[in-house]
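Here is the structure we will look at, set down as structure tokens.
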Amino acid sequence: MLLGFFEFKNKKFLLFDIPGTYSLMSNSEEEEIARDFICFEKPNATVVVVDATCLEKSLNLVYQTMEITSNIIVCVNLLDEAEKKGIEIDLQLLSEELGVPVVGTIASKKNTLIDLQEKIYSLCDKKISSSPNLIKYPDNIEKNISEISNGLKSILPKEHSSLSRWISLKILDYDEKIIASINDKIFCNNNIISSIKIDKNSSSNLKNIIVSSIIKKCEEVSEKVIILTKHNKKSYTRKIDKILTSKTFGIPIMLLFLGIIFWITIVGANYPSQLLSSFFNYLQEKLLILFNNLHIPDFITNPIIYGIYQTTTWVVSVMLPPMAIFFPIFTLLEDLGFLPRIAFNLDKCFKKCCTCGKQALTMCMGFGCNAAGVVGCRIIDSKREKIIAMLTNCFVPCNGRFPFLITIATIFIGGLVSGAFSSLLATLTVLLIVLLGIVVTIVVSKILSKTILKGEPSSFILELPPYRKPQIGKVIVRSIFDRTLFVLGRALAIAAPAGLIIWLLANLHIGDITALAFIANILDPFAQIMGLDGYILTAFILGLPANEIVLPIILMSYLGNSSLVSLEDTFAIGNILVQNGWTFITGLNVMIFCLLHFPCSTTLISIKKESGSFKWSALGFVIPTVCGVLLCICTNFIWNIFV
């Protein structure tokens, strides 16, 4: 919270700049700070700054604030921007509708700020007064408000008597955080408010009615006071929104957009990945010559070049191009205003799981990188819902897993038919795997909401921003530096030491076999139950630093090589896998376990940093792994019965 001072007409004023918010519903820390300050610090005047270009959404905060205090001034800012868009606001009529002083401002024009100072001075000096026109809710709610308010008057301290209606509303919609604050600030933790019995089931419906009433009133007032002075694009954007957020077309259009993004990412990443791979191979040859000329012994050269260097450069060549393509496209859609529409479409589905529609956005980010999806969970206000979103983000395949899924689907599913139908069947299989991940996300979210992370879904008043031309330059810079390089840096920090471990396991011997084969033999009995083998399971475990190295480890193990194997010929890969006992059910279970297994170390570190607890990182490891193991055992059991 920032402090400021100004002097006007020989009086000094202390300004408190509380966190910006569109609501006081206690859905975020910012909203709680703003609400508590207005309620309990009793400011002489509360100035609510609203955006003239989108007045309707801003009035939501105005009406909520008027429930708390009558000492309010509405400052309509950005009048110049509104004028450019052909929007004119009748400030006098707005003041009459709200029942409070209204002043228009343009930050670059000093005289408009003087008008605001004059209003603040007059309100604080009691030269003007306000009598807010509060929202009239349906009769049954107003009756309940009146009854609770009358009961509160006898117990509320005199200095807080004006809050009786607002407190009654919070009791009706059973906002536990606000009730806790009221008990703390007004009744010194005597738990008086909590003792009032309210049906929690009905309170959820009441909250929806209250929110709907506010939104409806904001719309009515906006239509009265806004004058369109010239052709405005708003009508066109509403027509677009009717299509993008409709029950019929919303989800299919969303899937189409995501499909196009995936296709561009997968196809577009192939060429730069090959270039990077060729460059790193060329550099590796030069490094070997350098090490040889410097007479560096093999026991140092081999682990550095064939262990650390190969693993690290493999991660870069496979991870960097998809992320460098996916994140800018994703950010462009975000800047355009399309992503909030996706959250709106999926909100109902996630709300049934007692989570938030914003989880849909973080889930979409997980398609690019699960670690980035976890970091993106910051947009979710509720801590409970944020943790659920982080724990389930890895159920959608990231760019690191897509190439593996496509390769296996092409070999063992697409290979069942010939011609053009082969690629079509492989594509359909990958899409079904993706849909399986989304279904598991929803199911596990529901289970978590009913068990260790119990709670009701938070109200999701989603702001649908106007469509705007993306700032392509800023988008590319922001997505590359804030997301791509950030995630890649975390991955490399883990990949380098992991490369050394993989090389050591492939080159150190226990008896007559390598340490890698020794571990695989131990894991093999359990892996067979899952329809896999010990080498596959070992590869997934060693692939913890990055999913991209799982297939190279499998090939290295089967071929008996001492370093990672990189093959780009799908036919050659298929021959190696089939010769080592892979069948249709092996391929199917590998795809299932690729989708449902512990996330990479970068994602686990991100969960720890974002949640602040190792406990949630541990659950982030256990939950998907248990799901994958159980599902693989089930499919293998069914296959063995019927085939």
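The values are calculated or read from the model by the stated rules, or taken from the named source; none is laboratory data. The model shown is predicted, which means the values in this text are computed figures rather than measured ones. Because the Cβ atoms are built from the backbone with ideal geometry, glycine has one as well, and the counts that use them run over all protein chains shown.
Quick notes
- Residues that are of a type in the set (A, V, I, L, M, F, W, C), over 35 Å from the mean Cα position of the chain (by Cα) and farther than 19 Å from Glu219 by Cβ within the range 77-99 are absent altogether.
Let's see how each residue does on (1) aromatic (Phe, Trp, Tyr); (2) modelled with pLDDT of 80 or more; (3) assigned to a helix (DSSP H, G or I):
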| position | (1), (2), (3) |
| --- | --- |
| Asn302 | no, yes, yes |
| Ile308 | no, yes, yes |
| Thr312 | no, yes, yes |
| Met319 | no, no, yes |
| Phe326 | yes, no, yes |
| Pro340 | no, no, yes |
| Lys348 | no, no, yes |
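- Thr311 being more than 17 Å from the chain's Cα centre (by Cα) and crowded, with 23+ Cβ neighbours inside 10 Å: yes
- When the criteria are applied in full, Lys286 fails the requirement of being charged (D, E, K, R), out of contact with any Gly (no Cβ under 9 Å at 6 or more places or on another chain) and outside the structural domain of Val434 (by TED's automatic domain parsing).
- Hits in the range 500-516 - residues which are over 23 Å from Ile304 (Cβ atoms) and under 40 Å from the mean Cα position of the chain (by Cα): none
- Residues in the range 562-574 that are at pLDDT 80 or above and surrounded by 12 or more Cβ atoms within 10 Å (Cβ to Cβ) were compared, and the one that is farthest from Ala546 (Cα to Cα) is Gly574.
- Restricting attention to the range 108-126, the residues that are charged (D, E, K, R), under 19 Å from Pro43 (Cβ atoms) and out of contact with any Phe, Trp or Tyr (no Cβ under 8 Å at 6 or more places or on another chain) add up to 3.
- Matching residues, the range 513-571, being touching a His at 6+ places or on another chain (Cβ under 8 Å) and touching a residue at least 12 places away in the same chain (Cβ under 8 Å): Phe540
- Test for Arg384: is it over 12 Å from the mean Cα position of the chain (by Cα), farther than 15 Å from Asn547 by Cβ and assigned to a helix (DSSP H, G or I): yes
- Residues of the range 619-635 include none that is surrounded by 23 or more Cβ atoms within 10 Å (Cβ to Cβ), within 18 Å of Ala546 (Cα to Cα) and hydrophobic (A, V, I, L, M, F, W, C).
- Filter result for Met390 (within 21 Å of Cys627 (Cα to Cα) and buried (at least 22 other Cβ atoms within 10 Å of the Cβ)): yes
- Any chance Phe262 is of a type outside the set (Ser, Thr, Tyr), farther than 30 Å from Leu504 by Cβ, at pLDDT 80 or above and under 29 Å from the mean Cα position of the chain (by Cα): no
- From the list Leu564, Leu596, Leu588, Leu555, the one residue that fits, being in the same structural domain as Phe637 (by TED's automatic domain parsing), closer than 27 Å to Val622 by Cα and in contact with a Ser or Thr (Cβ under 7 Å, 6 or more places away or on another chain), is Leu588.
- Of the helices (runs of 4 or more DSSP H) contained entirely in the range 537-643, those carrying at least 1 residues that are more than 29 Å from the chain's Cα centre (by Cα) fall at 550-559, 570-579, 584-595, 614-642.
- Pairs meeting the criteria (first residue in the range 236-257 and in the same structural domain as Ile438 (by TED's automatic domain parsing) and surrounded by fewer than 16 Cβ atoms within 10 Å (Cβ to Cβ), second residue in a helix (DSSP H, G or I) and of a type in the set (D, E, K, R), beta carbons under 6 Å, at least 6 apart or on different chains) are lacking.
- Verdict on Asn71 being more than 17 Å from Pro43 (Cβ to Cβ) and assigned by TED's automatic domain parsing to the domain that holds Leu15: no
The rows are residues; the columns are (1) part of a helix (DSSP H, G or I); (2) at pLDDT 80 or above; (3) within 23 Å of Asn60 (Cα to Cα); (4) polar (S, T, N, Q).
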{"position": "Ile214", "(1), (2), (3), (4)": "yes, yes, yes, no"}
{"position": "Glu219", "(1), (2), (3), (4)": "yes, yes, yes, no"}
{"position": "Glu223", "(1), (2), (3), (4)": "yes, yes, yes, no"}
{"position": "Ile227", "(1), (2), (3), (4)": "no, yes, yes, no"}
{"position": "His231", "(1), (2), (3), (4)": "no, no, no, no"}
{"position": "Ile253", "(1), (2), (3), (4)": "yes, yes, no, no"}
